[in-house]
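Every number in this text was worked out from the coordinates using simple rules, so none of it is lab data. Quick caveat: nothing in here was measured; it's all calculated off a predicted structure. Reconstructed Cβ throughout: ideal geometry from the backbone, glycine too, with neighbour counts over all protein chains shown.
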């Protein structure tokens with residue numbers, strides 16, 4: 001069986017009968033990485049890493065996602081721990097944004113964004 | 001002050017040569033993330049070496065940093081033989097990274113209290129970097145120590161090869177005593193004692209045995225310019241571009 005990890009496939013390792021050595025190493029766990037730009041900010045999903053355990057996942061995440069952006073912390077969690085709706089069920093959400101039910105559109109939030117932006121821009125003046 | 005120069009050359013040369021060795025893993029790391037890690041360790045080491053060459057230039061009136069780094073003869077380098085050794089396989093490189101960075105971290109923590117201001121300033125500036133280098137090393141030591149028999153045996157073997165050389169990091173040098181008396185730092189012996197304590201603890205957690213330091217003959221020589229045959233080819237490669245035309249503007 002070929003690996004799901006392209007990095008393993010690139011190595012073109014000889015197939016070992018029984019595949020025992022490969023089996024131990026080929027599928028590390030996938031962790032989702034969340035990046036926190038500054039204290040108090042929400043963690044933002046930035047990508048994933050493959051690692052055998054959470055400690056190494058953090059180290060790998062630090063190298064890949066903590067080097068180029070301002071960062072105060074990172075979160076990792078197993079991808080398999082994330083529960084999600086299926087994309088097949090996308091139509092369940094349709095009514096929320098359809099034209100016939102415009103009144104459901106939480107447009108007030110957009111105003112709130114503008115107010116916050118204005119406040120932020122004028123924070124010195126307000127103090 | 002002549003004595004401080006000795007100390008600065010020792011550390012900066014250790015960092016430069018260690019950084020160069022780490023950079024040799026770029027493109028060859030066993031997995032992508034480790035390839036990136038060693039490349040980034042290399043950048044940090046060479047960056048810190050540069051900062052110390054800058055102190056030598058600006059405060060101690062030595063030559064320009066690039067010229068110090070690239071234009072000296074082999075015997076003028078003061079790095080310990082430990083950092084000159086070829087990378088070997090990943091086991092040896094990891095162990096060396098572990099032994100080296102714990103010593104460097106303790107050294108810089110000590111410099112934090114130095115009354116030589118450029119060093120205490122640099123110590124504060126690099127604390128975060130050092131913390132991460134140690135975290136990276138420790139995680140791999142524990143991972144490979146407690147993983148399977150192959151990884152354990154290979155790492156243990158690498159420890160036995162690396163250990164006598166690693167003691168060379170604490171080789172004494174002219175004026176060391178004077179620096180201690182002046183309150184520049186507490187000396188090599190002090191760093192070695194805390195280092196042994198720290199690494200024994202982590203190696204034990206990872207089920208490795210550290211050879212008895214009392215029964216091991218340290219590999220000295222680097223601090224007096226006596227190097228292994230591995231340094232010369234390294235320098236030739238490292239200095240090739242710069243020395244082809246030292247007057248070029250980069």
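Values for this structure:
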| quantity | calculated |
| --- | --- |
| Helix axis angle, B:117-145 relative to chain B longest principal axis, alpha carbon, degrees | 20 |
| Computed P(r) (all Cα pairs; the protein assembly as shown; 20 Å bins; percent) | 23, 47, 23, 7, 0 |
| MRE, 222 nm, helices only [DSSP H, n ≥ 4, -39500 (n - 2.57), over the protein assembly as shown, to nearest 500] | -18000 deg cm²/dmol |
| Using alpha-carbon coordinates, inclination of helix B:32-58 to the longest axis of chain B, degrees | 30 |
| Relative contact order [Cα under 8 Å, 6+ residues apart], chain B, whole percent | 26 |
| Shielding by partners - mean other protein chain Cβ count within 10 Å, residues of A:59-65 | 5 |
| Likely footprinting exposure, B:97, B:152, B:227, A:53, fewest C-beta neighbours within 10 Å first | A:53, B:152, B:227, B:97 |
| Mean separation of Cα contacts under 8 Å (6+ apart) over length of segment B:28-166, as relative contact order % | 24 |
| Relative packing of peptides B:39-52, A:59-72 - highest average C-beta neighbours within 10 Å first | B:39-52, A:59-72 |
| Kirkwood-Stokes translational diffusion coefficient of segment B:1-52, alpha-carbon pairs, 10 °C, 1.306 mPa s, µm²/s | 138 |
| Relative pair counts by distance (%), Cα atoms of segment B:164-242, 5 Å bins | 3, 12, 16, 17, 16, 14, 13, 7, 2 |
| Segment B:110-223 - percent relative contact order, Cα under 8 Å, separation 6 or more | 35 |
| Exposure proxy order (Cβ contacts within 10 Å, fewest to most) of B:130, A:87 | A:87, B:130 |
